[in-house]
Structures are given as structure tokens and as C-alpha cells.
Amino acid sequence: MTDVPEISDEWYRHVVEFADANPPPVQWFMGHFTEASIILLGLLWLLAAWRRLGGGPRDRALVLVTPVLVVLAYGGSEGLKVLADQDRPCRLLTDLAIVADHCPPTGDWSFPSNHSTIAGALAAATLLLHRRLGWYAVPLAALAAFSRVYVGVHYPHDVVAGVLLGAVVVTAFTPLLTIPVADVLRRRTRRTEQPVPTRTDPARPSGR
């Protein structure tokens with residue numbers, strides 16, 4: 001994939017030039033936030049999952065299903081990278097200074113953004129588990145995606161595609177997988193709650 005949308009190329013230039021003009025403390029924050037944001041989103045998901053663990057089979061099924069789908073979304077983004085073969089903007093537009101310490105090497109393709117895919121998937125998973133925490137996760141995921149453009153390692157269309165991929169995979173497949181997993185958990189709960197029959201000795205004949 002060598003053709004990059006003109007509007008994405010233009011926006012990339014604007015964002016990177018804006019980032020280059022920012023004060024060093026802002027650049028330092030964004031340079032570290034772009035990695036730390038995934039950890040923060042993971043912590044929000046863990047908090048939302050912990051609040052669901054005490055619920056019924058459906059709640060526990062959601063806790064089991066959503067992280068699996070986050071991993072599947074990431075795997076899908078890796079597969080798309082191989083198909084697209086789009087080089088990083090920081091390797092093509094060498095006239096621009098970037099905030100990132102280095103540009104990923106050739107073969108570490110740009111489309112879609114893995115970070116943005118994970119961010120979108122975690123935000124969607126958190127929103128499904130806990131509405132209030134989800135509303136913190138959504139803007140955090142958006143900022144995480146923007147940070148990938150800010151530091152200069154992705155085009156805007158890379159991060160938009162990544163966020164959408166992650167969110168769609170989790171949102172679309174969670175209901176489909178939660179139902180059978182909840183049924184399995186429900187059956188296991190019934191089996192463990194069934195009373196164990198007590199064994200009684202047969203009546204002994206009275207002796208004379």
C-alpha cells in the first residue's frame with residue numbers, strides 16, 4: 001500500500017509540525033503517554049472487571065470474553081498490517097522532525113495502528129462492563145490514538161482505522177460469545193449447588 005490519502009498526509013504534517021513547536025515538557029508527556037495510555041486503559045478494564053466478578057454468570061462471562069476479543073482485535077490489526085504493507089510516515093517524510101525517539105524499522109508497518117486497535121478494544125470492553133468507567137476510557141482511547149500521530153509514527157487514517165477495528169470487534173462479538181459462555185458457567189454453578197445425597201446404612205437385624 002503506497003498510496004496514502006492526501007488529507008491524511010496533510011493532517012499528519014500539521015500535527016507533527018504542531019508537536020515540534022510545543023514546549024519540551026508537553027513533548028515529554030506525550031512521548032511517555034503514548035505508551036502508558038495502554039496500561040491506563042488496561043487498569044480501567046481491570047477495575048470494571050473486578051466490579052463484575054461478584055455478579056451472575058453473564059457478568060462473569062463478560063469478564064472472560066472481553067479480554068479474549070481484545071487479543072483477537074490486536075491479531076486482526078497485525079494481519080491487516082501484513083496485507084497493507086504501508087510504510088511509516090516518519091520513514092517517508094524525512095523532512096519532518098518527530099517527537100518519538102526513533103522511527104520503527106522497515107517491516108513494522110503503519111496501517112492500522114496496533115496501539116489504537118488495543119485502545120479502542122479496551123475502551124469498548126470497559127464500556128460494556130461498566131458504563132461510568134467506560135466514559136473515562138473512551139476519551140482516553142481517543143487521546144492514545146492521537147498521541148501516535150503526535151509523536152510522528154502513524155498517519156491519522158492509521159489510528160482511526162485501529163480504533164474502529166478494536167471497538168467493532170469487541171462490540172460485535174461480545175454478545176455472541178457471552179451467551180454460550182454464560183450458559184456453561186450457569187450449568188457449572190447448578191452442578192456445584194446440587195446437594196450431595198447422603199449414604200445411609202441398611203437397617204441391621206436385631207440380635208437375640
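For segment 1-56, a residue qualifies if it is in contact with a His (Cβ under 6 Å, 6 or more places away or on another chain) and under 23 Å from His102 (Cα atoms), and exactly one does: Ser8. Output the residues belonging to segment 57-82 that are among the hydrophobic types (A, V, I, L, M, F, W, C), closer than 30 Å to His102 by Cβ and open to solvent by less than 40 Å² (accessible area, probe 1.4 Å). Across segment 57-82, the qualifying residues are Val70, Ala73.
Against the criterion of being modelled with pLDDT of 90 or more and not aromatic (Phe, Trp, Tyr), Leu44 qualifies.
Evaluated against (1) open to solvent by less than 30 Å² (accessible area, probe 1.4 Å); (2) modelled with pLDDT under 90; (3) β-branched (Val, Ile, Thr), Ile98 falls short on exactly one condition, (1).
Pull up segment 132-152, narrow it to residues that are among the hydrophobic types (A, V, I, L, M, F, W, C) and open to solvent by less than 10 Å² (accessible area, probe 1.4 Å), then point me to the one that is nearest to Gly120 (Cα to Cα). Walk me through how you get there before you give the answer.
Let us first name the residues in segment 132-152 that are among the hydrophobic types (A, V, I, L, M, F, W, C), namely 133, 135, 137-138, 140-146, 149, 151.
Retained after the next criterion (residues that are open to solvent by less than 10 Å² (accessible area, probe 1.4 Å)): 137, 141, 144-145, 149, 151.
Details: Ala137: 9, Ala141: 6, Ala144: 9, Ala145: 8, Val149: 15, Val151: 19 Å.
Going through the qualifying residues, I end up with Ala141.
Please verify whether segment 64-84 includes one or more residues that are in contact with a His (Cβ under 8 Å, 6 or more places away or on another chain), of a type outside the set (A, V, I, L, M, F, W, C) and within 22 Å of Ala142 (Cβ to Cβ). Within segment 64-84, not a single residue is in contact with a His (Cβ under 8 Å, 6 or more places away or on another chain), of a type outside the set (A, V, I, L, M, F, W, C) and within 22 Å of Ala142 (Cβ to Cβ). Does Asp95 meet the test of being more than 25 Å from Pro180 (Cβ to Cβ) and out of contact with any helix residue (DSSP H, G or I) (no Cβ under 8 Å at 6 or more places or on another chain)? It is true that Asp95 is more than 25 Å from Pro180 (Cβ to Cβ) and out of contact with any helix residue (DSSP H, G or I) (no Cβ under 8 Å at 6 or more places or on another chain). Listed by first and then second residue, the pairs linking a residue in segment 98-109 that is in contact (Cβ under 8 Å) with a residue 40 or more places away in the chain and closer than 18 Å to Gln86 by Cα to a residue that is in a loop (DSSP other than H, G, I, E, B) and of a type outside the set (A, V, I, L, M), with Cβ atoms under 8 Å apart and 6 or more places separating them unless they lie on different chains, are Cys103/Arg88; Cys103/Gly152; Pro104/Arg88. Can you find a residue that is under 30 Å from Leu185 (Cα atoms), out of contact with any Leu (no Cβ under 7 Å at 6 or more places or on another chain) and free of Cβ contacts under 8 Å to residues at least 60 places away in the same chain anywhere in segment 29-41? Within segment 29-41, one or more residues are under 30 Å from Leu185 (Cα atoms), out of contact with any Leu (no Cβ under 7 Å at 6 or more places or on another chain) and free of Cβ contacts under 8 Å to residues at least 60 places away in the same chain. Scanning segment 3-11 for any residue that is within 15 Å of the chain's Cα centre (by Cα) and open to solvent by less than 90 Å² (accessible area, probe 1.4 Å) turns up nothing.
Results for (1) hydroxyl-bearing (Ser, Thr, Tyr); (2) in a helix (DSSP H, G or I); (3) open to solvent by 80 Å² or more (accessible area, probe 1.4 Å), shown as yes or no for each residue.
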residue	(1), (2), (3)
Asp20	no, yes, yes
Trp28	no, yes, yes
Ala48	no, yes, no
Gly55	no, no, no
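Scanning for something among the small types (Gly, Ala, Ser) and either under 19 Å from Thr34 (Cα atoms) or at pLDDT below 90 (or both), does segment 125-132 turn up at least one residue? Talk me through it step by step, then tell me what you get.
Applying the first criterion (among the small types (Gly, Ala, Ser)) to segment 125-132 yields 125.
Checking which are either under 19 Å from Thr34 (Cα atoms) or at pLDDT below 90 (or both) leaves us with none.
Checking segment 125-132: not a single residue is among the small types (Gly, Ala, Ser) and either under 19 Å from Thr34 (Cα atoms) or at pLDDT below 90 (or both).
The values are calculated or read from the model by the stated rules, or taken from the named source; none is laboratory data. Just so it is clear, the model here is predicted, and its values are computed rather than measured. Positions of Cβ are backbone-derived with ideal geometry, glycine not excepted, and every protein chain shown enters the neighbour counts. Areas reflect the complete protein model, heavy atoms only, side chains present, ligands, DNA and RNA absent. Shrake-Rupley method; radii C 1.70, N 1.55, O 1.52, S 1.80 Å.
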